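Notes to accompany the following structure.
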Amino acid sequence: MGLTVLSGPSGVGKGTVVAAVRERHPEVWVSVSATTRSPRPGETDDVEYHFVDAEEFARMVKSGEFVEHAMFAGHAYGTPRGPLQERLAEGVPCLLEIELLGARQVRSAMPTARFVFLAPPTFEELVRRLTGRGTESPEVIARRLDRARIELAAETEFDHVVVNDDVRAAAARLVALMIAS
Ligand SMILES: Nc1nc2c(ncn2[C@@H]2O[C@H](COP(=O)(O)OP(=O)(O)O)[C@@H](O)[C@H]2O)c(=O)[nH]1
Ligand SMILES: Nc1ncnc2c1ncn2[C@@H]1O[C@H](COP(=O)(O)OP(=O)(O)O)[C@@H](O)[C@H]1O
């Protein structure tokens with residue numbers, strides 16, 4: 001099954017769909033990224049993310065600890081190399097949930113991975129989800145929607161597009177793509 005990369009605009013439901021995949025398929029390993037953004041209420045260090053400061057992140061970049069890394073809405077995000085390589089070597093199906101610039105870096109470094117874009121049913125629904133989540137200020141939501149327009153325009157770079165209309169259906173389609181090929 002190898003490596004699957006899931007991308008899509010902020011608020012489309014990547015986290016929700018990945019959680020639904022894990023619930024039904026505990027054999028899928030989901031990478032834990034490092035980020036310089038602060039934890040949201042309910043997020044735990046080393047569970048959703050490794051929360052690090054900018055100095056630590058820069059040190060990790062310098063020592064080559066990331067498969068890929070990128071800035072998103074003012075914060076740095078990166079995929080730690082070691083755990084991913086170990087799981088792939090063991091034959092465990094691996095999933096990365098990352099933004100567009102990181103996905104492009106993985107495409108160059110690991111061209112045999114499969115790349116899936118999670119799309120909203122409509123742009124209006126994306127705005128509703130991002131606003132409805134209630135975790136970001138209006139300024140941060142505006143930055144994420146600017147970025148969303150860029151990400152949506154890059155949909156055709158991906159091997160597959162899954163529309164997140166219904167969470168369970170989208171999770172099932174993602175798993176089907178992970179199993180195929
Ligand atoms: N390039 C890259 N992007 C990441 C990584 N981890 C998370 N992201 C992406 O960074 C963006 C912002 O993530 P986050 O702040 O958690 O917001 P959310 O996705 O809207 O919940 C999302 O598009 C994530 O998919 C990573 O390790 N590398
Ligand atoms: N299929 C769906 N239908 C309706 N709401 C959804 C769906 N998928 C996710 N959501 C909601 O949209 C919001 C953003 O989802 P989230 O998983 O945090 O997105 P992302 O990780 O892509 O930023 C959350 O409030 C979530 O409950």
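Taken over region 40-71, the criterion of being assigned to a helix (DSSP H, G or I) and open to solvent by 70 Å² or more (accessible area, probe 1.4 Å) is satisfied by 55, 59, 62. When region 82-103 is limited to residues that are over 22 Å from residue 15 (Cβ atoms) and surrounded by fewer than 16 Cβ atoms within 10 Å (Cβ to Cβ), the one that is farthest from ligand 1 (Cβ to nearest atom) turns out to be 91. Taken as a whole, the structure leaves residue 37 outside the set of residues that are away from ligand 1 (no atom under 14 Å from the Cβ) and either surrounded by fewer than 15 Cβ atoms within 10 Å (Cβ to Cβ) or among the basic types (Lys, Arg) (or both). For residue 12, state whether it is loosely packed, with under 15 Cβ neighbours inside 10 Å, in a loop (DSSP other than H, G, I, E, B) and among the β-branched types (Val, Ile, Thr). Here the answer is no, as residue 12 does not meet what is asked.
Only helices (runs of 4 or more DSSP H) whose full extent lies in region 72-142 are considered here, and the ones with at least 2 residues that are out of contact with any helix residue (DSSP H, G or I) (no Cβ under 6 Å at 6 or more places or on another chain), free of Cβ contacts under 8 Å to residues at least 12 places away in the same chain and within 16 Å of ligand 2 (Cβ to nearest atom) are 123-133. Applying a threshold of 6 Å to beta carbon distances and a minimum spacing of six or more residues, or different chains, the list of pairs starting in region 153-176 at a residue that is under 16 Å from residue 126 (Cα atoms) and ending at one that is open to solvent by less than 60 Å² (accessible area, probe 1.4 Å) and aromatic (Phe, Trp, Tyr) reads 155/117; 161/117.
Among the residues of region 104-114, those that are open to solvent by less than 60 Å² (accessible area, probe 1.4 Å) and either within 13 Å of ligand 1 (Cβ to nearest atom) or over 18 Å from residue 66 (Cβ atoms) (or both) comprise 106, 114.
Flag: residue 25 does not match the condition of being open to solvent by 30 Å² or more (accessible area, probe 1.4 Å) and near ligand 1 (Cβ under 10 Å from one of its atoms).
The values are calculated or read from the model by the stated rules, or taken from the named source; none is laboratory data. None of these values were measured; they are calculated from a predicted model. Every residue, glycine among them, receives a Cβ derived from its backbone with ideal geometry; neighbour counts consider all protein chains shown. These accessible areas exclude ligands, DNA and RNA; they are computed on the full protein's heavy atoms, side chains included. Shrake-Rupley method; radii C 1.70, N 1.55, O 1.52, S 1.80 Å.
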